[in-house]
Amino acid sequence: MQIDDKKCVACANCVPVCPMGAIYIDPAVNRATVNLDECVECFTCYRGMSKEHMNPTLVRAVRRVAKWLRFRFDPEPDVCPTDALTPQELTWPRTVRWAFSDPLVPHESTGVHGRGTEEVKTNDVTDRVREGEAGFTIEFGRPGVGVRFRDVQKMTTALAPLPVEFEAKNPVSSLMTDRVTGTLQPDVLDEKVMSAILELKTRVQHVPTVLERVEAVARQVDTIVSIGVATRCDAQGDDQIAPILEREGHVFFRGKTNLGLGRRPQLAAAGSAAAGDRLLPSREPSERRAPR
Ligand code: SF4
Ligand code: SF4
């Protein structure tokens, strides 16, 4: 994002709007300026503020006179009075910032908006995590901190030697040049994004090892790391993960329970359900999406 210095009147309305704190008033030029290294191209400032088209010269003159008379002339707080916020044309690798930070942009690698993944919320139909497996979502950058891919790579390369499998339909995995080593494309490493989610799965018995490695790396990176673990429940609604987490001394709670009401397309086409799947009758695809 850029700010047109011919239009900006330095009202500072856009400064608190930026979740990355990337906008500041430069006293040397008395204009708002974007720190492009910190800007993640989320477009929050551009979309979140109303735009008026007041004459910048007139607004500056009125503000000067008002200041001289010791009162203030400020536009409404959610308005850029002169339409000065100007999206720049983004090229690779800066487009990565936009894809991972603007919730209205679908990720090309997965076709999913936002962070580009449905995680395991649609496990009913995707079958990503099967019995005896544990699915991990390792999230970087939220709330309001952001993350550079250099730090994401510290985690991916630390986890890769363990018995894990990175999720293929995930935007972070799509940036890997080598999914065996967890190495990311070198040209994205310095790019900063609002947040990113790494997904992988392992066998249930390896959960403590993965958690231990995630905790160790989380202490070395310059961002916030959150972790979720998903598994399939048995017929009684119990899971194998909770006892492991308790034993290992982790504080946790069951955040979401997917009831298993989805219908796997391949089984629907065959008109039958596998024994034990207990799939309900047809639901429209639009109803399958689990609440986010
Ligand atoms: S809201 Fe618009 S005019 Fe005010 S400081 Fe920001 S860019 Fe400049
Ligand atoms: S695009 Fe997002 S990160 Fe960049 S200046 Fe605007 S609000 Fe801040």
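Taking the Cβ of each residue in I197, I241, I25 as the centre, tally the other Cβ atoms inside 10 Å and list the residues starting with the fewest. All intermediate terms of the calculation are to be shown ahead of the outcome.
Details: I197 24, I241 20, I25 16.
Placing the least packed residue first, the sequence is I25, I241, I197.
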Of the trypsin sites (Lys or Arg not before Pro) in segment 4-59, those whose Cβ has at most 14 other Cβ within 10 Å and which sit in DSSP loop: K6
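List the GluC sites (Glu not before Pro) within segment 20-74 that DSSP assigns to loop and that have no more than 16 neighbouring Cβ atoms inside 10 Å.
Answer in residue order: E38, E52.
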Three-way shape call for segment 2-86 based on the alpha-carbon gyration tensor, with the a/c threshold at 1.5: prolate
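Exactly which trypsin sites (Lys or Arg not before Pro) in segment 185-268 are in a DSSP loop and have at most 10 other Cβ atoms within 10 Å? Could you put the intermediate results ahead of the total?
On the way: sites: K192, K201, R203, R213, R219, R232, R247, R254, K256, R263; in loops: R219, R232, R254, K256, R263.
Filter output for segment 185-268: R219, R254.
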Selected from A32, V9, L69, residue furthest toward positive end of dipole (segment 2-86; charges at beta carbon): L69
Segment 104-258 - Rg (one decimal) and Dmax (whole number), Cα, Å: 15.1, 48
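Could you give the size of the charge dipole of segment 2-86 about its Cα centre, using +1 on the Cβ of each K and R and -1 on the Cβ of each D and E, expressed in debye and rounded to the nearest 20? Mind showing how you got there, number by number?
Working: 11 positive and 11 negative charges, 115 e Å.
Approximately 560 debye in magnitude.
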Listed residues P143, P163, H206: farthest to the positive end of the dipole of segment 104-258 (Cβ charges): P143
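Since every read-out is calculated from the coordinates, none of them should be taken as a lab result. Just so it is clear, the structure is predicted and the values come from calculations on it, not from any experiment. Cβ: placed from backbone, ideal geometry, glycine included. Neighbour counts: every protein chain shown.
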